[in-house]
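One structure is given here, and the rest of the page talks about it.
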Amino acid sequence: SRKHKVAVIGSGNWGTTIAKVIAENTKEHGDIFEPEVHMWVFEEEYSIPKDSKHANSDLASGKQKLTHLINSLHENFKYLPGIALPHNVVATPDIAEAARDATILIFNLPHQFIARACQNLQGKIVPYARGISCIKGVEVTDEGCELFSDSIGQKLGIYCGALSGANIANEIALEKFSETTVAYDPPAMDSQNPTPQGSPKTSSTNLPQLVFEDKPAPTKKKTPLQALPSEFPPLHHKNMKKLFHRPYFHVRMVSDVAGVSLGGALKNIVALAAGFVDGLGWGDNAKAAVMRVGIMESVRFGKTFFADSVRTETFTEESCGVADLITSCSGGRNFRCAKMSVQEGKPIAEIEERELNGQKLQGTSTAYEVHSFLLKQGMEKEFPLFTAVWSILEDKNRPEDIPHLLEPATAEK
Ligand code: NAD
Ligand code: 13P
């Protein structure tokens with residue numbers, strides 16, 4: 001029988017970490033997966049830092065292609081410095097080459113780059129490939145608010161699930177214990193039945209699609225999903241879990257793709273608010289208040305706009321919900337940069353540029369995207385925290401205004 005080839009699309013801080021996790025597993029489960037994991041790298045030149053243990057290497061004399069550094073020294077010096085990568089992670093600068101023949105595609109990029117990546121993959125992947133999106137963000141267009149799992153699925157004509165959790169990448173790269181949630185619920189045709197029958201249950205192509213009311217609902221061309229050929233091991237929860245689960249990275253499999261995707265996207269807005277109040281020196285109670293309202297608004301967003309598929313328990317019981325909110329509001333990049341921006345009185349984009357060495361904040365763009373969507377729905381007031389974060393980023397309000405801006409939410413109870 002054939003084995004699954006796995007490709008990781010993206011090689012940032014989390015992209016490289018997940019490639020490490022997966023490569024450890026493909027080696028361990030050789031009956032299901034090909035050991036080699038191709039990781040698409042957006043090519044750039046980089047110099048090995050002076051404090052690196054590889055500073056005496058022949059490659060340390062000047063700038064080198066990042067893919068060459070990763071493949072020669074098995075370290076992503078720019079986005080995951082100091083972590084040894086398994087030798088079966090192969091960095092590839094050509095996205096189509098990285099994805100060639102892959103039956104499992106893991107999407108792990110800052111969300112602003114995903115549309116272009118999908119464009120470059122169209123027609124270049126095996127038609128029965130399955131995807132998992134590790135992206136924390138939502139895609140807001142004139143047509144509505146879409147999950148990345150859904151939009152990737154539609155753009156590429158494949159089924160795409162989602163992975164999200166309380167997962168600060170550097171901690172997982174150091175193999176410190178954490179949990180994650182993987183949502184995977186492909187149409188029934190995958191379960192040992194190679195013939196697609198009827199329409200998929202909750203596939204990426206039939207998740208409820210919210211459209212702006214003043215525009216007619218676009219009729220999207222639905223590509224019929226192709227069944228996985230029977231010579232491949234089935235991609236059910238048990239085998240999917242084997243791709244991600246490590247002794248230090250515990251996976252819980254669920255079916256609520258929308259809940260998992262939204263938890264990861266929306267908590268980035270909340271983490272900015274937590275950073276704002278912490279930057280003011282207001283202490284843990286203020287942060288907890290922001291987190292409480294944040295989880296409530298996240299559930300409300302899911303229940304309002306993705307009512308058919310979101311489960312409240314995904315937010316309250318799984319790593320992708322409240323646990324991710326807690327970790328992100330404690331030590332995430334969005335939290336840290338928002339805090340510094342208040343402490344130093346500087347725009348958050350300036351702090352991001354200075355502090356993150358090319359890594360990208362997702363909370364700022366998500367705050368704008370979610371705001372533009374809520375505005376179209378006339379529902380900004382129902383989401384006072386999300387609206388407050390947008391308003392502070394826009395300089396229409398100050399972080400000090402947060403208690404006042406949250407008043408409608410807290411007065412309700
Ligand atoms: P990152 O913040 O490290 O961003 C850097 C990546 O962006 C690099 O791979 C770089 O090559 C790429 N890039 C830069 N310019 C590009 C361009 N023009 N086109 C294409 N790619 C370009 O990325 P990350 O941390 O791997 O985040 C990916 C996703 O994972 C995000 O949605 C993030 O929210 C989520 N996430 C991150 C963490 C974390 O701790 N880093 C944890 C969980 C989830
Ligand atoms: P940041 O992008 O804010 O670092 O959050 C990382 C994360 O998603 C932790 O689960």
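Every read-out reported here was derived from the displayed coordinates using simple, explicitly stated rules and does not represent laboratory data. Note that the structure is predicted; figures quoted are calculated from it, not measured. Cβ atoms come from the backbone with ideal geometry, glycine included; neighbour counts cover every protein chain shown.
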Can you tell me the FRET efficiency between Asn357 and Asp284 if r is taken as the Cβ-Cβ distance and R0 is 41 Å, rounded to the nearest 0.05? 0.90
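Once you order the gyration tensor axes a ≥ b ≥ c over the Cα atoms, which shape class does the chain get: rounded for a/c under 1.5, otherwise prolate or oblate by comparing a/b with b/c?
Values: a/c = 1.83, a/b = 1.17, b/c = 1.57.
In terms of gyration-tensor shape, oblate.
On a full-extension model of 0.36 nm per residue, what is the gain between Ala96 and Lys27, subtracting their alpha-carbon distance, rounded to one decimal in nm? Display every interim value, and only then the final one.
On the way: separation 69, 0.36 × 69 = 24.84 nm, distance 2.32 nm.
Result for the pair: 22.5 nm of gain on full extension.
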Would you kindly state the longest site-free stretch of the chain, with sites defined as GluC sites (Glu not before Pro) in a DSSP loop (not H, G, I, E, B) surrounded by at most 11 other Cβ atoms within 10 Å? 1-212
Out of Trp390, Trp40, Trp282, a Gaussian network model of the chain with alpha-carbon springs under 10 Å gives the largest mean-square fluctuation to Trp282
Would you mind checking the pairs Lys303/Lys381; Lys5/Lys136; Lys155/Lys339 and listing those with alpha carbons more than 27 angstrom apart? Lys155/Lys339
Using the beta-carbon distance between Tyr248 and Gln226 and R0 = 35 Å, what value does 1/(1 + (r/R0)^6) give for FRET efficiency, to the nearest 0.05? 0.50
Difference of contour (0.36 nm per residue) and Cα-Cα distance, Ser330 to Met379: 14.8 nm
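To the nearest 500 deg cm²/dmol, what mean residue ellipticity at 222 nm is calculated for the chain from DSSP H runs of n ≥ 4 alone, each contributing -39,500 (n - 2.57), summed and divided by the residues?
Details: 16 runs with 175 residues, N = 413.
It comes out at -13000 deg cm²/dmol, rounded to the nearest 500.
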Taking alpha-carbon centroids only, the stretch 354-387 lies from the stretch 83-101 a number of Å equal to 32 Å
List every residue whose amide H lies under 5 Å from the amide H of Arg246, counting only residues 5 or more places away in sequence or on a different chain, with H placed 1.01 Å from N in the peptide plane. Val251
Relative contact order of the chain, defined on C-alpha pairs under 8 angstrom at six or more residues apart (%): 15 percent
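Take each uninterrupted DSSP H stretch in the chain, measure its Cα extent along the helix axis, and return the ones at 18 Å or beyond whose mean Kyte-Doolittle hydropathy is at least -0.5. Could the numbers behind the result be given before it?
Numbers: long enough: 13-28 (23 Å, -0.53); 257-279 (34 Å, 1.34); 283-305 (33 Å, 0.08); 363-377 (21 Å, -0.16).
Qualifying helices, which must be both long enough and hydrophobic enough, are 257-279, 283-305, 363-377.
Give me the net charge for the shell around Asn108: Cβ to Cβ below 13 angstrom, other residues only, Lys and Arg +1, Asp and Glu -1. Walk me through the intermediate numbers first.
Numbers: positive: Lys20, Lys136, Lys360; negative: none.
Taking every Cβ under 13 Å from that of Asn108, the sum is +3.
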